[in-house]
Amino acid sequence: MQSGKILRNHYKIIDTLGSGGFGDTYLAQDLDLPGKPKCVVKHLSPKSSESQVLAIAQRLFEREAETLYKLGKDSDQIPKLFAHFQERTEFYLVQEYIEGQDISKELTPGKKLSESYTITLLKGILEALAVAHQNNIIHRDIKPENLMRRKSDKKIVLIDFGAVKEINVLTTANQPGTTLTVAVGTPGYMPSEQGVGKPKLSSDIYAVGMLGIKAFTGKDPHNLPTDPNTGNVIWRNEAQVSNHLANILDKMVQEYFRERYKNATEVLEALNIQTPPQPTPAPTIPSIPKTKPILTPKPVPIISSITKIQTQPDQTRRQILILGGLTGSWFVAAILSRNFGNKLSPKIISTPQPIPETTPENISPPQPTPAPPPPTRSEIPIQRFTTVKVNRRGEIISRLPDQAQVMAENFNGVSLEMVKIPGGRFLMGSPETEAERDNSESPQHYVDVPEFFMGKYPVTQAQWEAVMGNNPSRFKGENRPVENVSWNDATEFCQKLSEITGKKYSLPSESQWEYACRARTSTPFYFGETITSELVNYDGNYPYGDATKGKYRQETTDVGIFPPNSFGLYDMHGNVWEWCQDVWHDNYEGAPTDGSAWETGGDSNYRILRGGSWYNNSRNCRSARRGYYGADILFNNRGFRIVSSSPVVSAFRS
């Protein structure tokens, strides 16, 4: 098609993006929309114009268009389908234009990339692919040129699904009853079963594994030797990679498809990364240097009022393509001070949910006894809540029910709720591709965190006063987080609370805090790619990513009025910075990997702050964001929450 041609009086062709035996792709403009935004037009034409072939092509086209439409709605890492139509014997798809560049610009010959980069790349591809695989869809042509690095958020977008290409190879078989099988895919990334027209979901896994190996070795797949006995690719001698990741890649690229991971979700689970349907911890790996953010507080006005927020298995295509075509395939297819200082969300006196109580079996009314034995798993009460996910513009795309085990105890007229955080492995730190990150968040690394209990909210003013007998906060409110407390003050609170209860309480380690905040997510925020001031108390004048500006409340808010994460923790982003136990270090080189606090080395006069606050911009509220301040310095946007390694039971004195 020539530049300037208009399809359906709607889509004007601007340029050719690609052309080949499987069809042509064009850059176009949508003339019906304001600003005439860009889109992509794919042109497909069967080799035969016989009516029998066209009927098959039409059925295949309709079915695959329906599938692409669903995938584009389900994942922001798969282009949206805007339209599909037929003109005589020609078929057209109109899809979202992804501004960015394909990753072949990153995977250049001879360049060996880091394990941190490779894990982030694999995760990005697999999270998009998991959506397709959950719908029993095989991409069939995963290669660097079909993986776009979107300019706006640096995420991987999966383009050019292979099965739509079948339409271009449809023809009538030369002899009755015979089938012409054409392999859709790219040599080197296409496993043997796909080469004979019988792709599986695991065929995509092979391609993703070969991409990972290319990143490590700097070599194209066809330049790597294979074992003459097994047919498996030989590559480890060319790469610097941990055994854990190398073993995963080896399984991904097994020559025999039954020996590979079956689908993208299985690989993500092996990497310990969560997929949307089933929660699982996230992975980790090393990355880069060191930057030390410094906190310089600025005077903050006192505001007298609070603003509250209400807060089928794949049907074989042989039957369809019996006249010729592919079998078993599918559709084409800020001031630095704004960076730190935090407020705790204290304990709630009255919460939106009734506070569970210990079961009667644990109490012996007739005779005073010591604290009852720790409750069993089944005796820890369940609380139910709703979590929220947003897209990169901050628009809510899902609300899902969830639940957590929560122990609630009363003392001195206030309630303390501790949430059970399941143990797991996660990838700590931020990938190099995360917008507005700091080098202090590197290198990414795996941390194994044992089970523990964490405060459902930051410590409230009511809870602080019940233990310490005073209230240092500037923004008064018993259900607001206590603030104007130093790290030394927070540790003193933990000591006194431990004396009252006979149970060990402390500040969380930095890895416990990030693990609990992420709650098995790997996005910048547990809400997704961004936040809004309807979900978090922060300075909404400084949005993150593609989100729009929001409110700047200029004060703390009551804890628990914004949605929780999937662990059932509230206010992990914004409201107040939260003190952690750890000493400040410039980066994660040498950091513990067992979930413990890092208290050796560094400067013990400076302690870690996490989570951002009402006073800070959005970037400082990210899950990976690290801050620090003097242990004896207090400010009205810093608070804390507490952790315990053992279940909370009725040991509080009333």
Query raised in the report: Can you tell me which residues in the stretch 494-527 are assigned to a helix (DSSP H, G or I) and touching a helix residue (DSSP H, G or I) at 6+ places or on another chain (Cβ under 6 Å)?
Result: 496, 497
Requested in this report: Return the residue satisfying two criteria in turn: it lies in the stretch 504-521 and is open to solvent by 30 Å² or more (accessible area, probe 1.4 Å) and modelled with pLDDT under 95, and of such residues it is nearest to the chain's Cα centre (by Cα).
Outcome: 520
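From the set of residues in the stretch 43-57 that are surrounded by fewer than 21 Cβ atoms within 10 Å (Cβ to Cβ) and closer than 21 Å to residue 25 by Cβ, which is farthest from the chain's Cα centre (by Cα)?
Looking only at the stretch 43-57, we keep the residues that are surrounded by fewer than 21 Cβ atoms within 10 Å (Cβ to Cβ), and these are 43, 45, 47-52, 54-55.
Still in the running and closer than 21 Å to residue 25 by Cβ: 43, 45, 47.
Numbers: 43: 34, 45: 39, 47: 43 Å.
Filtering first and then ranking leaves 47.
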Report summary line: Scanning the stretch 176-210 residue by residue, those touching a His at 6+ places or on another chain (Cβ under 6 Å) and either modelled with pLDDT under 90 or acidic (Asp, Glu) (or both) turn out to be 204
Requested in this report: Determine if the stretch 482-489 includes at least one residue that is of a type in the set (D, E, K, R), surrounded by 21 or more Cβ atoms within 10 Å (Cβ to Cβ) and not in a helix (DSSP H, G or I).
Outcome: yes
Report summary line: Inside the stretch 13-42, the number of residues satisfying the requirement of being surrounded by 18 or more Cβ atoms within 10 Å (Cβ to Cβ) and either closer than 20 Å to residue 161 by Cβ or aliphatic (A, V, I, L, M) (or both) is 10
Report task. Determine whether residue 259 is of a type outside the set (Phe, Trp, Tyr), at pLDDT 90 or above and surrounded by 15 or more Cβ atoms within 10 Å (Cβ to Cβ). Result -> no
Report task. Kindly indicate which of 586, 594, 603 is over 18 Å from residue 486 (Cβ atoms), open to solvent by 10 Å² or more (accessible area, probe 1.4 Å) and touching a strand residue (DSSP E or B) at 6+ places or on another chain (Cβ under 9 Å). Result -> 594
Requested in this report: Filter the stretch 60-98 down to the residues that are open to solvent by 50 Å² or more (accessible area, probe 1.4 Å) and part of a loop (DSSP other than H, G, I, E, B), then identify the one that is nearest to residue 48 (Cα to Cα).
Outcome: 88
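Can you tell me how many residues within the stretch 2-43 are outside any strand (DSSP E or B), at positive phi and touching a strand residue (DSSP E or B) at 6+ places or on another chain (Cβ under 6 Å)? Working first, answer last.
Filtering the stretch 2-43 for residues outside any strand (DSSP E or B) gives 2-5, 8-10, 21-22, 31-37.
With at positive phi added as a condition, the list becomes 4, 8-9, 35-36.
Right, trim to touching a strand residue (DSSP E or B) at 6+ places or on another chain (Cβ under 6 Å) and you get 36.
Of the residues in that region, 1 qualify.
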Requested in this report: Pick out the one residue from 502, 413, 424, 477 that is small (Gly, Ala, Ser) and touching a Phe, Trp or Tyr at 6+ places or on another chain (Cβ under 9 Å).
Outcome: 424
Query raised in the report: Looking at this structure, is residue 213 open to solvent by 10 Å² or more (accessible area, probe 1.4 Å) and modelled with pLDDT of 95 or more?
Result: no
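Considering only residues that are part of a strand (DSSP E or B) and modelled with pLDDT under 90, which ones fall in the stretch 121-174?
Step one: list which residues in the stretch 121-174 are part of a strand (DSSP E or B), which gives 147-150, 156-158, 162-163.
162, 163, listed by residue number.
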Report task. Please specify each residue of the stretch 381-400 satisfying the condition of being within 27 Å of residue 155 (Cα to Cα) and open to solvent by 60 Å² or more (accessible area, probe 1.4 Å). Result -> 386, 389, 393, 395, 396, 397, 399, 400
Query raised in the report: Failed condition for residue 111, given (1) in contact with a strand residue (DSSP E or B) (Cβ under 6 Å, 6 or more places away or on another chain); (2) open to solvent by 40 Å² or more (accessible area, probe 1.4 Å); (3) charged (D, E, K, R), with all others met?
Result: (1)
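Among the residues of the stretch 617-644, which ones are among the hydroxyl-bearing types (Ser, Thr, Tyr) and either open to solvent by 10 Å² or more (accessible area, probe 1.4 Å) or in contact with a Pro (Cβ under 8 Å, 6 or more places away or on another chain) (or both)? Step through it out loud before you land on a result.
Of all residues in the stretch 617-644, those among the hydroxyl-bearing types (Ser, Thr, Tyr) come to 618, 623, 628-629, 644.
Result: 618, 623, 628, 629.
Scan 423, 429 and give me the residue that is small (Gly, Ala, Ser), within 18 Å of residue 596 (Cβ to Cβ) and in contact with a helix residue (DSSP H, G or I) (Cβ under 7 Å, 6 or more places away or on another chain).
Just a single option satisfies the conditions, and that option is 429.
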Report task. Being over 13 Å from residue 217 (Cα atoms) and touching a Ser or Thr at 6+ places or on another chain (Cβ under 8 Å) is the filter; apply it to the stretch 229-256 and report the residue that is least open to solvent (accessible area, probe 1.4 Å). Result -> 245
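When you go through 36, 47 one by one, which is the residue that is at pLDDT 90 or above and not aromatic (Phe, Trp, Tyr)?
Numbers: 47 fails: at pLDDT 90 or above.
Going through 36, 47 in turn, just one is at pLDDT 90 or above and not aromatic (Phe, Trp, Tyr): 36.
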Query raised in the report: Within the stretch 434-443, is there a residue that is surrounded by 21 or more Cβ atoms within 10 Å (Cβ to Cβ) and farther than 26 Å from residue 544 by Cβ?
Result: no
Query raised in the report: Quick one: how many residues across the stretch 455-478 are under 17 Å from residue 499 (Cα atoms) and surrounded by fewer than 18 Cβ atoms within 10 Å (Cβ to Cβ)?
Result: 2
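The values are calculated or read from the model by the stated rules, or taken from the named source; none is laboratory data. Not measured: the values here are computed from a predicted model. Virtual Cβ from ideal backbone geometry, glycine too; neighbours counted across all protein chains shown. Ligands, DNA and RNA are excluded from the accessible area calculation, which covers all protein heavy atoms including side chains. Shrake-Rupley method; radii C 1.70, N 1.55, O 1.52, S 1.80 Å.
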